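Working notes, beginning with the structure itself.
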Amino acid sequence: MITAKAAVNSSRQFLQRVTGQNVSFSQVFKHFMTFARVSVDRFFILKNRLNQFDILISENEIFELVKKRGCMLVTSHLGSFDVMRVLATYAQDVPIKILLDVKHNAKFFTMLQSLNPDLAKQIIDSNTPAPKLALDLNGLINEGSNVGAMVDRCFPNENYVELNFLGHPAQFPTSAWQFASVLKIPVVACFGIYLGKNQYKLEFRLISHNLGANRKERHQIIQQAIQEYVQILEDFAVKYPYNWFNFYDFWKNESSCN
Amino acid sequence: MSHALTAEEKELALLLIDVLDLEDMSATDIQPLAPLFDPSNPESLGLDSIDALEISLAVAKHYNVQLKADDENNKSIFHSLRSLSTFIHAQKA
């Protein structure tokens with residue numbers, strides 16, 4: 001259960017760690033106002049009303065890779081993942097299926113089903129038994145989809161690695177990376193950064209062309225890739241701290257592993 | 001039960017060697033009843049969960065058989081080369 005007080009404390013803790021300074025109330029306020037604005041925008045985006053937003057895309061070679069399709073797009077609760085929808089609709093026609101833990105996101109999933117049933121059909125439940133999920137994802141990739149997955153939040157009973165984030169150990173789930181390895185597809189980190197007013201910016205960073213090329217060093221290669229992602233996530237968090245939307249104790253198990 | 005590979009098992013063994021990049025093994029190096037995944041057993045191939053997914057994909061492509069069962073059944077299906085082969089050919093029949 002996340003209370004308002006706990007959310008304020010987690011905002012304060014994050015801002016302290018990301019800025020290295022004491023945090024004023026106005027900073028915490030700005031953090032929540034940014035979250036509120038992006039949450040409201042989300043409704044419009046999920047209703048396909050994208051044309052009221054100004055979404056910038058840096059059209060570099062990594063974006064070209066995503067346009068060719070068949071990538072694992074690793075995303076985070078930083079900014080708005082939903083603006084990525086612009087790729088799948090009028091602007092670019094790049095389809096994305098979303099790997100989501102429907103059980104842990106039941107409220108969101110129910111809301112999505114009523115707001116935009118077509119979009120809800122693009123959700124792949126990550127609770128599907130792994131062998132079937134691998135087959136399903138393989139089929140989707142072959143049909144020309146990208147697959148998106150949030151990889152910054154760890155749910156109980158999930159496999160994870162522990163890596164330093166802003167100088168403190170945090171848990172990052174591994175399963176999306178394992179699927180990317182099995183499917184031998186490129187992994188690209190994506191961020192939909194909120195810039196203020198109605199402006200968003202899509203950013204892409206290539207993490208690996210193929211995590212599954214070498215079986216003997218696979219675990220090490222996956223570990224390195226997650227480490228690289230965490231570094232990228234940290235860079236974005238430092239650059240756009242008010243886009244950080246993990247309002248819970250992100251380093252929750254820190255005391256138990258010390 | 002025989003420890004020699006049947007023709008079907010040999011075909012599957014070659015597929016596993018190819019998919020899993022076990023280049024230093026031949027089909028006859030895989031004991032039909034040895035556990036595929038148990039790292040504490042010296043006879044085991046010591047495969048891991050990612051290997052299991054690779055095998056699922058390869059079996060779907062090669063045999064057109066989908067290993068979609070839940071985790072509990074997978075344990076017995078994936079136990080050994082023989083159990084996997086038996087399952088595949090039962091599905092095909």
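Remarks
- Beta bridges from DSSP with both residues in the protein assembly as shown: antiparallel share about 45 percent, rounded to the nearest 5.
- Residue of B:Leu53, B:Leu33, B:Leu14 that the Gaussian network model of chain B assigns the largest fluctuation, springs spanning Cα pairs under 10 Å: B:Leu53
- Here chain B is treated with +1 on each Lys and Arg Cβ and -1 on each Asp and Glu Cβ, and its dipole about the Cα centre works out to around 460 debye.
- Counting neighbouring Cβ atoms within 10 Å and putting the fewest first, the residues A:Phe35, A:Phe179, A:Phe43 line up as A:Phe43, A:Phe35, A:Phe179.
- Charge dipole (Cα centre; +1 on Lys/Arg Cβ, -1 on Asp/Glu Cβ; no other charges) of the range A:50-241 amounts to roughly 280 debye.
- Each of A:Phe25, A:Asn243, A:Ala225 was placed along the dipole of the protein assembly as shown (beta-carbon charges, centred on the mean Cα), and the one lying farthest toward the positive end is A:Phe25.
- Debye, to nearest 20: dipole size of the protein assembly as shown, +1 on Lys, Arg Cβ, -1 on Asp, Glu Cβ: 1660
- GluC sites (Glu not before Pro) within chain B, DSSP loop, no more than 13 other Cβ atoms inside 10 Å: B:Glu23, B:Glu43
- Structural size metrics of the range A:87-135, computed from C-alpha coordinates, are Rg and Dmax of 12.2, 34 Å.
- Residues whose amide H comes within less than 5 Å of that of A:Ile98, counting only those at least five positions distant or on another chain, are A:Ile123, A:Ile124, A:Gly148 (H built at 1.01 Å from N in the peptide plane).
- Computed over the range A:1-78, the P(r) curve from all C-alpha pair distances, binned at 10 Å from the origin, holds 14, 30, 30, 23, 3 percent per bin.
- Taking θ as phi - 60° and the Karplus parameters 6.51, -1.76 and 1.60, the scalar couplings of the range B:46-51 work out to x, 6, 10, 5, 5, 4 Hz in sequence order, x denoting glycine and proline.
- Each residue of the range A:201-215 was assigned a 3J(HN,Hα) from its phi angle through the Karplus expression (A = 6.51, B = -1.76, C = 1.60, θ = phi - 60°), giving 9, 8, 10, 10, 9, 6, 9, 7, 7, 6, 7, x, 5, 10, 5 Hz with x at Gly and Pro.
- Per residue convex hull volume, Cα atoms of the range B:7-92, in Å³: 87
- Column: log10 I(q)/I(0), Debye, Cα scatterers of chain A, q = 0.07, 0.15, 0.17 Å⁻¹: -0.23, -1.18, -1.54
- Sequentially through the range A:18-31, phi angles give Karplus couplings (6.51, -1.76, 1.60; θ = phi - 60°) of 7, 9, x, 10, 5, 10, 8, 4, 5, 5, 4, 4, 4, 4 Hz, Gly and Pro residues having no value and appearing as x.
- Each of the peptides A:64-71, A:184-191, A:94-101, A:110-117 was scored by the mean count of other Cβ atoms within 10 Å over its residues; in descending order, highest first, they stand as A:184-191, A:94-101, A:64-71, A:110-117.
Read-outs: derived from the displayed coordinates by stated rules, not from any lab. Since we're looking at a predicted model, the values are computed, not measured. Cβ: placed from backbone, ideal geometry, glycine included. Neighbour counts: every protein chain shown.
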